[in-house]
Amino acid sequence: MIEQEANFDGLVGPTHNYAGLSWGNVASNRHAKSMSHPREAALQGLSKMKALADMGLVQGVLAPQARPDTDTLRRLGFAGTDAQVLDSAFREAPHLLAACSSASAMWTANAATVSPGADTLDGRVHFTPANLVNKFHRSIEHEVTGRILRSVFADEAHFCHHQALPAHDDFGDEGAANHTRLHNEQGHGLELFVYGRRAHQPGAPAPRRFPARQTLEASRAVARLHGLSECKTVFIQQNPAVIDQGVFHNDVIAVGNGNVLFYHRQAFLDTQGMQAEVRRKLPDTELHFIEVKNDEVPVADAVKSYLFNTQLVTLKPGHMALIAPTECAGTPSVNAYLERLLAMNTPIREVRFMDVKQSMQNGGGPACLRLRVAMNRAQLNAVNPACLMNDRLYGRLTDWVQRHYRDRLHPNDLRDPALLEESRAALDELTQILELGSVYPFQR
């Protein structure tokens, strides 16, 4: 059956702040300890969602995590009332308070890996929440992420949900940020899993400066869970040298959609081998490998602008658009390249710029903010309709943000017990708007 791709964006949480928690993410480290603007960040995200829905795309909403996570702080030995837990954590281990207050779940490209029913053995859409073990502040997300996904995609006749992989570095899994899917007009697909290192082959190529967050072993495990045959998968190693330049996920250096793979020449360890395998496993397809050379756009400019962390979406057959952050227009090499790209004979026919500055300053562009879910009509009809963007939901969520979110937030504000109460009140109301049920620990 014909599939339609939906984008599910993460709502920015009320505790959006710049704590510099992500070693290897250049933007995150650059803006550490700066003042953030949670209300502006959430409104920017909602504006992007509404814009894509207005383009005729299926656009969904995924709820944020409940933060600060006082349950995790208690597991780490901080005791007493919530206010006492926050205060003692701030005084004794402020980095732990920051980690347990992160709004990083907004980047739903890391929420899970998703395989559409056209690829899986049982014909259902499969979801595996990412364990995100490389970063403590993200490793505490997957349980609630799984509950949220089960509430949005609840019909077991159409959707299959798996547990996150075992929480060990050998199986470090970063979700869809290291996974994409190509397909032809008939819907025959090929899933590309990109990994940074082989955990069980210590001598194999690996980065030396920054961590390789995704392992081959994790990617293969997810493929097995999803029932993907060998002819439906390609496992590609990311170039270790480019990881060491701040490309912490593959979606910072490559993006795919339909019959197009748009990437930097330094993205992969064996580009020719990748192309050959993709052509062999996706025959009778007019593939477009759009490769950007370093003298056109240096890696540093690609990382600064998030040229490849754009969303590549199909607006009509043969007509794709790049949803790019405004930073692309403001980076001379990138802006010049995009002008040339539109003159090339490829399916990418337009670029639409979006202001997601609050997310960009913490290291996440348009593609980080969304999780792609390809579904046929029956599966789409089985999605929780309260989570699908339309004029009414946009108005309700905009009002909700205006009433509940602070205008500005400094990392030192995370100790304020009022922030915890404000966040819980906001999320309790949100679960009613999105009809999610009791997905948060404070509700259970």
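Odds and ends about this structure:
- The alpha carbons of the stretch 320-361 give a radius of gyration and a Dmax of 10.8, 34 Å, in that order.
- Cβ-derived FRET efficiency at R0 45 Å, LEU76 paired with LEU315, nearest 0.05: 0.40
- Relative contact order, percent, the stretch 34-132 [alpha-carbon distance under 8 Å, six or more residues apart]: 18 percent
- Straight-line cross-link partners of LYS135 among the aspartates and glutamates, defined as a Cα under 19 Å from its Cα and at least 8 positions apart when in the same chain: ASP69, ASP71, GLU143, ASP169, ASP170, ASP173, GLU174, GLU217, ASP244, ASP251.
- Relative contact order (percent, whole number), the stretch 211-359, Cα cutoff 8 Å, 6+ residue spacing: 19 percent
- Partners for LYS281 among aspartates and glutamates (Cα-Cα distance below 18 Å; same-chain residues under 8 apart left out): ASP119, GLU185, GLU191, GLU230, ASP270
- Once the Cα-Cα distance is subtracted from the 0.36 nm per residue extended length, the ARG279 to ASN294 segment shows a gain of 3.0 nm.
- Here the accessible area is traced with a 1.4 Å probe on the protein chains. For the chain, carbon and sulfur cover 49 percent of it.
- PHE153 accessible area, 1.4 Å probe, all protein chains in place, Å² to nearest 10: 0 Å²
- Cα point-scatterer Debye curve for the chain, base-10 log of I(q)/I(0) at q = 0.07, 0.08 Å⁻¹: -0.31, -0.41
- The listed peptides 392-399, 117-124, 231-238, ordered by packing as a protection proxy, come out as 231-238, 117-124, 392-399 (highest mean of other Cβ atoms within 10 Å first).
- Working note: Karplus 6.51/-1.76/1.60 with θ = phi - 60° gives the stretch 186-201 the couplings 7, x, 6, x, 9, 9, 9, 9, 10, 10, x, 7, 9, 5, 9, 10 Hz, where Gly and Pro are set to x.
- More than 25 Å apart - percent of Cα-Cα pairs taken over the stretch 142-246: 28 percent
- Entries in LYS316/LYS357; LYS50/LYS316; LYS48/LYS357 that, when Cα-Cα distance is taken, lie over 21 Å: LYS316/LYS357
- Peptide packing: for 91-104, 46-59, the average count of neighbouring Cβ atoms within 10 Å per residue gives the ranking 91-104, 46-59, highest mean first.
- Cut-off 14 Å, label 7 Å out along Cα→Cβ of GLU286, residues of the stretch 234-272 by amide N: 259-260
- Across the stretch 236-243, computed HN-Hα scalar couplings (Karplus, 6.51 cos²θ - 1.76 cosθ + 1.60, θ = phi - 60°) run 10, 8, 5, 5, x, 5, 7, 4 Hz from first to last residue, x flagging Gly and Pro.
- Length-normalised contact order of the chain in % [C-alpha pairs under 8 Å, at least 6 apart]: 24 percent
- With a simple spin-label model that places each label point 7 Å from the Cα along the Cα-to-Cβ direction, the separation between GLU156 and ALA418 comes to 4.7 nm.
- Working from label points 7 Å from Cα in the Cα-to-Cβ sense, the GLN272 to ARG224 distance is 3.3 nm.
- Three-way shape label, the stretch 92-185, alpha-carbon gyration tensor, a/c 1.5: prolate
- What the Cα atoms of the stretch 339-417 give is an Rg and a Dmax of 18.5, 56 Å.
- Distance-filtered residues of the stretch 243-276 - backbone nitrogen under 12 Å, label point 7 angstrom along MET344 Cα→Cβ: 255, 260-265
- Phi-derived couplings, Karplus 6.51 cos²θ - 1.76 cosθ + 1.60 at θ = phi - 60°, listed residue by residue for the stretch 133-142: 5, 5, 10, 3, 5, 9, 5, 8, 8, 5 Hz, with x used for Gly and Pro.
- Fully extending the segment from GLN201 to SER438 would add 81.1 nm, taking 0.36 nm per residue of separation and subtracting the current Cα-Cα distance.
- When only alpha carbons are used to place a centre, the stretch 244-270 and the stretch 59-122 end up 27 Å from one another.
The values are calculated or read from the model by the stated rules, or taken from the named source; none is laboratory data. This one's a predicted model, so the numbers in the text were calculated from it and none came from an experiment. When we count neighbours, we look across all protein chains shown, and the Cβ atoms used for this are built from the backbone with ideal geometry, even at glycine. Only protein heavy atoms, including side chains, enter the accessible area calculation; ligands, DNA and RNA are left aside. Shrake-Rupley method; radii C 1.70, N 1.55, O 1.52, S 1.80 Å.
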